[in-house]
1. How high is the relative contact order of segment 10-354, given as a whole-number percent (alpha carbon pairs under 8 Å, six or more residues apart)?
2. Modelling each spin label as a point 7 Å along the Cα-to-Cβ direction, I'd like the Ala378/Ser33 distance in nm, to one decimal.
3. How large is ³J(HN,Hα) for each residue in segment 68-73, as worked out from phi by the Karplus curve 6.51 cos²θ - 1.76 cosθ + 1.60 (θ = phi - 60°), to whole Hz, x for Gly and Pro?
4. Roughly how many debye, to the nearest 20, is the charge dipole of segment 87-227 about its Cα centre, given +1 on each Lys and Arg Cβ, -1 on each Asp and Glu Cβ, and no other charges?
5. How about segment 449-542: which GluC sites (Glu not before Pro) there lie in a loop by DSSP and see at most 10 other Cβ atoms within 10 Å?
6. How many lysine pairs in segment 3-118, separated by 8 or more positions in sequence or lying on different chains, have Cα atoms less than 24 Å apart?
7. Only sites in a loop by DSSP and with at most 12 other Cβ atoms within 10 Å count here; which GluC sites (Glu not before Pro) in segment 58-151 make the cut?
8. Quick check on segment 483-605: take the gyration tensor over C-alpha atoms, sort the square-rooted eigenvalues as a ≥ b ≥ c, and tell me if it's rounded (a/c under 1.5), prolate or oblate.
Amino acid sequence: MRYQNIFKEGKIGNLSLKNRVVMPPMGTNLAGSEGEVTNQLIAYYEARAKGGTGLIILEFTCIDYEYGKGFIRQLRLDNDRFIPGIHRIADAVHKYGTKVFVQIHHAGRQSNSSLINGNQIVAPSKVASAAVGEEPRELTTAEVKELVNKFVQAAVRCQQAGIDGVELHGAHGYLINQFLSPDSNLRTDEYGGSFRNRMRFIEEIISGIRESCGPDYPVTVRLNVDDFVESGISLEIGKQTSRYLEQLGVDGLHISCGTYESVDKIIESPLFAQGWRVYLAEEIKKEVNLPVITVGSIREPQYVENILSEGKADFVAIGRGLIADPEWVNKTMEGRETEIRKCINCLHCIHSVMGNSHVLCSINAKAGRELEFKEIQALAADEKRHVVVVGGGPGGMEAARVLSLKGYDVTLFEKSHKLGGQLHLVTDPLYREKMEWHIDYLSNEMQRLNIDVRMNTEATMEEITSIKPYAVLLATGGRPRLPQVEGNDLDHVYTYEDIKLQEMVFTNSKVTVVGSGMICHGTTRRLAEAGNVVTYVEIPTKASKRIGAETRIRLLDKLKQANVDIVIDNKLVKILPDYILVEDLVSGKLSQYESEYVIVAMGVEAYNPLEEALREQMENVFVIGDAAGYASLGDATRGAFEKAYFIESKVTPREDKEVLQPV
């Protein structure tokens with residue numbers, strides 16, 4: 001076997017695991033409105049167990065619904081009535097030889113009053129989190145002891161529900177982390193002050209679980225070993241904490257970092273390198289003789305194998321990678337690495353959950369919707385028909401992939417010499433690598449499924465109709481959107497496509513870039529690095545709304561490092577031959593920026609020249625991707641998948657309310 005270390009049996013305490021891949025806890029919003037288990041949540045975890053994962057740690061689960069809630073639809077175990085639902089998850093996961101833990105959690109000062117019925121949030125000390133902005137109430141000593149018991153009782157319920165072990169959430173700025181950190185714990189009683197006192201809260205939780213669940217029930221800790229916050233937990237404190245937890249008899253450490261104030265270190269954007277925080281686990285591995293789990297944008301099987309073979313960790317957690325492809329482990333074991341749909345770190349799953357949707361994935365339309373989309377069933381031989389897909393971007397290839405799996409004969413037309421469409425426009429080195437992963441995955445699927453791909457061929461009405469297809473899916477993409485201002489048609493005005501696709505490069509010139517979004521930032525930096533004097537005028541677009549605040553800050557910092565002049569909170573008024581005119585959105589003041597060239601990167605508008613004529617000649621014509629006016633990879637993937645999945649049944653996807661019923 002190629003990946004011997006990945007598929008070597010591992011142990012956490014006395015619990016044996018069939019491999020070294022762990023699914024870490026990630027909020028899904030798939031629980032019911034009262035925190036109960038739903039059929040969809042069971043199906044979501046079952047898919048990852050069926051995919052071969054060794055250990056699944058269920059998402060953070062609330063032990064105190066009155067004050068400890070951290071999410072709108074957060075899973076709960078603060079009452080015995082939630083045991084049966086958790087038991088059903090355990091049964092579903094165990095069918096595949098996968099073990100399952102529950103991460104038990106209290107948000108502390110990283111909750112907010114709107115989540116807890118208007119109550120004031122609580123914390124070890126009266127120290128507000130800058131990211132939350134609400135002043136917490138300091139817990140009394142009696143309340144701290146009561147919370148210890150609530151953690152213990154949640155662990156007891158896990159054991160009663162057939163769960164194989166528990167993970168204490170001592171990371172990411174939540175309550176246990178708040179007690180451990182000298183930045184947030186300023187108490188003067190037995191739970192604060194010295195290092196030993198700051199450890200007392202988690203120590204009493206661990207001893208209570210041992211007393212109630214027995215010495216052999218596995219207990220691990222998700223531990224911050226660096227808060228990346230001034231005066232918070234440093235790596236040295238993290239090492240000291242790890243050694244102390246080993247003395248307390250925990251069965252494993254799940255090494256992490258970051259709080260809400262350094263949230264980009266918890267949930268990495270595309271601008272972080274694969275495995276960037278493995279070094280933290282490696283450092284802790286030198287300090288303890290416990291199983292150590294590492295995590296952090298780890299995507300490729302060989303990368304995982306290297307971590308294990310080099311002794312940097314004992315287990316590797318793959319989080320968003322298992323949202324993108326639940327079959328990651330099975331595909332790796334079977335030598336089907338090219339079939340792995342690797343996570344691209346786009347944060348679509350995070351933004352969907354934070355936007356009060358359930359978990360979604362920009363490249364896996366089935367994520368969070370496993371009950372709607374069962375295994376794709378091939379058509380009977382006498383039902384097979386020919387389908388044409390026009391356009392080889394991500395939407396077109398996704399549609400072709402699903403149609404082929406259903407048994408259709410698929411012909412895909414792509415007018416250029418390469419597949420991937422606008423994914424090729426990304427130029428940031430780290431983000432480009434991830435986009436290339438997805439292009440390679442889809443391109444390999446075209447080859448694996450023997451799809452008739454016709455490159456350098458612009459589809460015409462004659463070519464399409466000569467095939468006599470049952471259906472046509474138009475994924476013809478979009479064209480750069482131009483600002484509706486005077487001067488947008490001047491000769492020195494170009495689009496991002498001119499720079500990226502036609503490889504037009506200016507040097508030693510005064511260039512102004514107008515727009516926003518990942519592609520816009522990449523274009524701006526590329527022009528600056530080519531030796532131009534560049535001004536970036538940030539104009540909000542649909543693309544920019546998909547970028548988180550932390551990622552935007554990192555992008556702007558990169559532009560500053562490239563000596564780009566950044567103009568924000570302005571709108572474009574006019575483009576003239578020698579300069580642009582902008583207006584401050586607050587003061588109304590007009591400013592001029594001298595420009596020899598103006599580059600526009602303000603998103604796309606639909607390009608769909610064939611639909612009208614095709615509809616006059618046939619019934620089944622569908623428009624997907626940017627051609628349908630979509631604005632994101634996630635929209636394009638979802639639209640393409642759904643059209644292809646339901647093409648002959650005319651069935652529409654069910655609403656969430658139908659699949660999020662409590663069990």
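1. 16
2. My value for the distance between the label points is 4.5 nm.
3. Result, ordered by residue: x, 5, x, 7, 5, 10 Hz.
4. About 260 debye.
5. Glu503
6. Lysine pairs meeting the criterion: 12.
7. Here the sparse-neighbourhood loop sites are Glu66.
8. Note, shape of segment 483-605 comes out rounded.
Values quoted throughout were computed directly from the atomic coordinates according to the rules given, and no laboratory measurement underlies them. Since the model is a prediction, treat every value here as computed from it, not as a measurement. Cβ sites come from the backbone with ideal geometry, for glycine too, and all protein chains shown count toward neighbours.
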